[in-house]
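Please read the structure below before turning to the comments.
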Amino acid sequence: MILSDDMLLRAEKPGRYIGNEINMAEKDVSRISVRFAFCFPDVYEVGMSHLGAQILYFYINEREDTYCERVYAPWPDMEAEMRAAGTALFALETGDPVKVFDFMGFTLQYELSYTNVVNMLDLAGIPLLAAERGEGCPIVCAGGPCVVNPEPLADFIDFFYIGEGEAGLNDILDFYAAHKADGGGRRAFLRRIARERGVYVPSLYTVTYDADGLIESFAPIADDIPARIKKCYVKDFNVSYFPGKVLTPLIEIVQDRAVVEIFRGCIHGCRFCQAGYIYRPVRERGIEAIRSQAEQILSSSGHEEISMLSLSASDYSNCGGLINTLAERLTPRHINVSLPSLRIDRLSLELMSKAGEIRRSGLTFAPEAGSQRMRDVINKGITETDILNGAKMAFESGWSKIKLYFMLGLPSETDDDVMAIPRLAERVVGQYYSLPKNQRSQPLNINLSASCFVPKPFTPFQWASQDVYGFMEKQRLIKKTLTKKQIKFNYHDAGQSIIEALLARGDRRQGRVLLDVWRRGAKFEGWSEFFNYDLWTRALENTGLSLDFYTARQRRYDEILPWDHIDINITKMFLIREMEKAKHAEVTPNCREGCAGCGFIKTDRGCADE
Amino acid sequence: MSRVLLLFAKTDKARFIGHLDLIRVFQRAINRANLPAAYSGGFNPHQKLAFAVPLALGMDGRNEAAELELTGDSVSAADIMDRLNAAMPKGLLIHAARFMEGNEESAAALAVAACYEMRARPPDNLAEKVRELIARKSVVISKKTKNGVMDTDIRPDIVSLEVFDDTLRAVLSAGGQRGLRPDLLAGALGVSICQVTRVNVYKTVNGVFKPLFYTF
Ligand code: SF4
């Protein structure tokens, strides 16, 4: 073992650093030509819970010439041990230092993990800046949802992979294996793959800024480099790669259950939701494929719970049929089927009780906004009646713990809209007390949570100003208005959402801020106990960049946005149309009701890019 | 219904699996091995699986015992062992399995003591320290309990204590009634210890310690 017993026993959770999970890939390194370190810039229990990372791990390991190993960010206690002992960042499978690998591949799931990317490069002993890396250094790449705006990390990453890994990563690895066998260098390799779909090599593009700090031009340095990078995606979800097994951890992780993805994409176009646009088009998996995958994963993992993953389970075209099929097979085996992200209505409540969903765990409603006007602005297709009816039915079926999710600071939000949030929560309480007393055996428990809105690239709100100066007052307003003791109000530090917004819509100049803030000790910024807003203000001051420019500033439609060269097949015209409709609180029907012309082409067999 | 007693070792990387996690690891191995596990009734059914004496994180265990209930006896003990071993992570190895008698007491109820081996560092005057401790009639330490810190006499919990070079071999009380952790013993001795191994867990048969697993 690379870490001594003493180091492990002093750590809060030694199980994070030992690997050895069920289904871990084991290969003879001497017969491997490509070594890939798959890096998750967060702690083990978070990284291991991520389905996409698990799929890619097995996808890459299907290759005989490649060994994909895993690396998670060591928790600060272990980081201190490693730095003191001079132990470099290592991969869990072999314990070998990341430095000797061919690739270091980061998955970027949330912006606040960016400082961990920098920290992991440092712990690995690899030059932080792409420009300073030479031959013999791993090629540092990154993928995941955040790379739809790769610019803030452009200085650190050799190439980005835009889109779904299982749709094209193999081609890149093929190029690399051949290139390495020919003795080719890293620059030539990057230059070669820059022409491939989904690949963005930031060093091959130059950007200039005008006097106001806006982007003046953004262009490739040569004619053979594409001006726009098209994302890769899986076309047929029934035949796309699926491993049939999962890494089963030896210690408890955040999502400690088996997971099957039932469809990717979302038919709704909620205007704040980045996932709703970047994962388009909707691709469903058939019931038979889901059933077979569920059984394979369960028998190879031994899990006692399986969760159906999607952005909105109720939109699966035959949700009832799916649950019946699964419950029939799995309930006798004491396996729970869980259905997160359901819209709460009669059908879903019935489904949940059929699937054996435990009532104690509580139900989640996500109205996102309190007033109907605001819900129309964000194109959230539910009404107050839907919510109140859903709550009533849930209470009638025995639930008494309810979570309500809202966002604060949405574009055009007024105090009236804010006040509508506690009002709606109190009406939900009213629904409970409208029940006869004998149906109210459990104490009512409403958890009202309000997060701060972060405008994201590739949403109609990508031009919007973030309400940085309004958040605190709005939180106070809600707190002041709430009188019922059954409602617990949860709100978050606005600082984290402001920095998330800074990075989400940042440009290349953020590289300097990231470097500076990392030097000041920033890491695990997604964890409120480690997040430190002051470090960011100081880093911004030191680098001469304005926070407001990136967060509070309203963009113009004709501005060159930092992510304009990324093509996820959603047109700017469509996003502008949606933004304009938002201004008039005009809703857009979902993709099943009608096509809003987002950029894909609708056919009878779903939507496609060609 | 049948009850199976498993004798297993927990070594190498598996040492870093804590007790609660170990339960989950066993449950999943049982599922992967496709054994007909019996489930408790109630709201949240779980497998009927119990460990004799929890093993502390970081410790090696050579002869640990766990009890598992199955819905029938269609699978032989040897098969149970082989199937579980195929499903276990590295570092967990079942070396024996047997069906329990109908009226046999549970392993957890029978366990009274355990034998530990550990290295002391620095080993200076180890033998002398041990001699001095053994000679005492009572060894009072303050021990954290549910009701706060309490002074406890641990002398009755030290059954035997021997030294070989820098290695300590201790038989200490363990199990449901009372128990003494090796690190508390080390504290009383004034030494620090590493590489702790629980060599065996005992029950008493006619006043004599016998390994928990065996019926003789
Ligand atoms: S092409 Fe039309 S139906 Fe398809 S995803 Fe875009 S808006 Fe929806």
| task | Scan segment A:251-278 for residues that are within 15 Å of the ligand (Cβ to nearest atom) and either among the aliphatic types (A, V, I, L, M) or within 14 Å of another protein chain (Cβ to nearest Cβ) (or both) and report the count. | result | 3
| field | Options A:LEU540, A:LEU575; residue that is within 16 Å of the ligand (Cβ to nearest atom), buried (at least 21 other Cβ atoms within 10 Å of the Cβ) and either within 14 Å of chain B (Cβ to nearest Cβ) or not in a loop (DSSP other than H, G, I, E, B) (or both) | value | A:LEU575
| message | Among (1) surrounded by 17 or more Cβ atoms within 10 Å (Cβ to Cβ); (2) more than 23 Å from A:LYS13 (Cα to Cα), there is one condition B:MET59 misses while meeting the rest; what is its number? | response | (2)
| Condition met for A:SER299 (surrounded by fewer than 22 Cβ atoms within 10 Å (Cβ to Cβ) and within 14 Å of chain B (Cβ to nearest Cβ)) | yes
| task | Filter segment A:164-191 down to residues that are free of Cβ contacts under 8 Å to residues at least 40 places away in the same chain, closer than 30 Å to A:PRO281 by Cβ and either over 29 Å from the mean Cα position of the chain (by Cα) or crowded, with 16+ Cβ neighbours inside 10 Å (or both), then give me how many there are. | result | 2
| task | Collect the residues in segment A:25-52 that are of a type in the set (Gly, Ala, Ser) and surrounded by fewer than 21 Cβ atoms within 10 Å (Cβ to Cβ), keeping them in residue-number order. | result | A:ALA25, A:SER30, A:SER33, A:SER49, A:GLY52
| message | Scan segment A:545-559 and tell me whether some residue there is within 16 Å of the ligand (Cβ to nearest atom), more than 24 Å from A:GLU196 (Cα to Cα) and more than 14 Å from every other protein chain (Cβ to nearest Cβ). | response | no
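For segment A:253-263: of the residues being without any contact (Cβ under 8 Å) to a residue 60 or more places away in the chain and under 17 Å from the mean Cα position of the chain (by Cα), which is farthest from B:ILE23 (Cα to Cα)? Before you say what the answer is, go through the steps one by one.
Start the filter on segment A:253-263 by keeping residues that are without any contact (Cβ under 8 Å) to a residue 60 or more places away in the chain, which leaves A:258, A:260, A:263.
Applying the additional criterion that residues be under 17 Å from the mean Cα position of the chain (by Cα) yields A:260, A:263.
On the way: A:VAL260: 25, A:PHE263: 33 Å.
Across segment A:253-263, the extreme among qualifying residues is A:PHE263.
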| Single unsatisfied condition, A:THR115 versus (1) closer than 17 Å to A:PRO562 by Cβ; (2) out of contact with any Gly (no Cβ under 6 Å at 6 or more places or on another chain); (3) not in a strand (DSSP E or B) | (1)
| request: Collect the residues in segment B:11-56 that are within 23 Å of B:CYS194 (Cα to Cα) and either surrounded by 21 or more Cβ atoms within 10 Å (Cβ to Cβ) or within 8 Å of chain A (Cβ to nearest Cβ) (or both), keeping them in residue-number order. | output: B:LYS13, B:ALA14, B:ARG15, B:PHE16, B:ILE17, B:GLY18, B:LEU20, B:ASP21, B:LEU22, B:VAL53, B:LEU55
| field | Which numbered condition A:ALA464 misses (of (1) closer than 30 Å to A:PRO74 by Cβ; (2) buried (at least 23 other Cβ atoms within 10 Å of the Cβ)) | value | (1)
| request: Would you check which residues across segment B:174-216 are at pLDDT below 90 and surrounded by 20 or more Cβ atoms within 10 Å (Cβ to Cβ) and list them? | output: B:GLY175
| Which ones in segment A:562-572 are touching a Gly at 6+ places or on another chain (Cβ under 7 Å) and within 14 Å of the ligand (Cβ to nearest atom)? | A:ASN569, A:ILE570, A:THR571
| query | Any idea which of (1) within 14 Å of another protein chain (Cβ to nearest Cβ); (2) out of contact with any strand residue (DSSP E or B) (no Cβ under 6 Å at 6 or more places or on another chain); (3) buried (at least 21 other Cβ atoms within 10 Å of the Cβ) is the one A:THR248 doesn't satisfy? | reply | (2)
| Test result for A:SER312, under 27 Å from A:LEU408 (Cβ atoms) and either within 16 Å of the ligand (Cβ to nearest atom) or at pLDDT 90 or above (or both) | yes
| message | Looking at A:ASP122, A:ASP96, A:ASP102 in this structure, which one is surrounded by fewer than 19 Cβ atoms within 10 Å (Cβ to Cβ), touching a strand residue (DSSP E or B) at 6+ places or on another chain (Cβ under 8 Å) and at pLDDT 95 or above? | response | A:ASP96
| said: For segment B:155-197, give me the residue count where each residue is of a type in the set (D, E, K, R) and in contact with a Ser or Thr (Cβ under 6 Å, 6 or more places away or on another chain). | reply: 2
| query | So which residues in segment A:587-610 are more than 8 Å from the ligand (Cβ to nearest atom), among the hydrophobic types (A, V, I, L, M, F, W, C), more than 25 Å from the chain's Cα centre (by Cα) and under 18 Å from A:GLU284 (Cα atoms), if there are any at all? | reply | none
| Quick one: would you say B:LYS90 is within 28 Å of A:ALA11 (Cβ to Cβ), within 12 Å of chain A (Cβ to nearest Cβ) and out of contact with any strand residue (DSSP E or B) (no Cβ under 8 Å at 6 or more places or on another chain)? | yes
| query | Quick one: would you say A:LYS581 is part of a strand (DSSP E or B), within 16 Å of the ligand (Cβ to nearest atom) and out of contact with any Leu (no Cβ under 8 Å at 6 or more places or on another chain)? | reply | no
| message | Would you confirm, using the coordinates I've provided, whether A:PHE237 is within 15 Å of the ligand (Cβ to nearest atom), surrounded by 19 or more Cβ atoms within 10 Å (Cβ to Cβ) and not assigned by TED's automatic domain parsing to the domain that holds A:GLU328? | response | yes
| said: Any residue that is closer than 30 Å to B:THR215 by Cα, assigned to a loop (DSSP other than H, G, I, E, B) and under 24 Å from the mean Cα position of the chain (by Cα) - is there at least one of those in segment B:113-127? | reply: no
| field | Condition check for B:SER160: farther than 27 Å from A:ASN20 by Cβ and under 19 Å from the mean Cα position of the chain (by Cα) | value | yes
| request: Answer yes if at least one residue in segment B:124-146 is under 26 Å from B:LYS10 (Cα atoms) and not charged (D, E, K, R), and no otherwise. | output: no
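The values are calculated or read from the model by the stated rules, or taken from the named source; none is laboratory data. Because the structure is predicted, anything quoted here is derived from the model rather than measured. Please note: Cβ atoms are built from the backbone with ideal geometry, for glycine as well, and neighbour counts cover all protein chains shown.
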